[in-house]
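First the structure, in the form of structure tokens, and then the observations on it.
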Amino acid sequence: MLAVAIALVLVAGCGGGEPPAVEATPPPPAEQPEPPAEPDPADEPEAEPEPESLPGLPKALAGYDTWTRLNAEPIPPRSPDPHEGTKNVYASVAASDGRYPDGAIVVKDAVRPGKDFVGLVAMMRKERGAQPEHNDWVWVEWVRDARDEPFRELARGAVCYGCHVGARETDYVFTRR
């Protein structure tokens, strides 16, 4: 058998006719780039947990103390003081031309005298069409007497508006820089 194969090669190689067909060898596969490595979960920063609202407050107020603070320094108690205590005021969005957009929330919290925790939270929320006579602000105030208690509603509506009408020129928001 080997002799027949050698004879065929010799006959083909002696100028007689076309050379025998040779099977082409496929080229080696092109180098494929390695897929990017999967990120190692240990290398990723841990996701910040979603802030939770204080007990008894609506979810919309969760993390309010990370919003823009409208007062440069805590506001000390004054006399008379409808929101008794040392206060801070926060806004979910900035005012534009002195007016807050629909959906804006402004929160005032207060540490009541003799306490070391926030015991009062007052909220203004602007809802289109809610109260056109008050520039669509809705007011609610909550209080608690102990750190481990949930907040309970103390006041809303006209009680709040009666005071905030004095800040009509600043979109009903009292602030001090």
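Brief remarks on what is shown
- Note, ³J(HN,Hα) from phi for the stretch 69-74, Karplus 6.51, -1.76, 1.60, rounded to Hz, x at Gly and Pro: 7, 8, 10, 5, 10, x
- In a DSSP loop and with at most 12 other Cβ atoms within 10 Å, the trypsin sites (Lys or Arg not before Pro) in the stretch 122-175 are 128, 147.
- From most to least packed by mean Cβ count within 10 Å, the peptides 131-139, 101-109, 158-166 give 101-109, 131-139, 158-166.
Each value in this text was obtained by applying a stated rule to the coordinates, not by laboratory testing. Note that this is a predicted model, so its numbers are computed, not measured. Cβ sites come from the backbone with ideal geometry, for glycine too, and all protein chains shown count toward neighbours.
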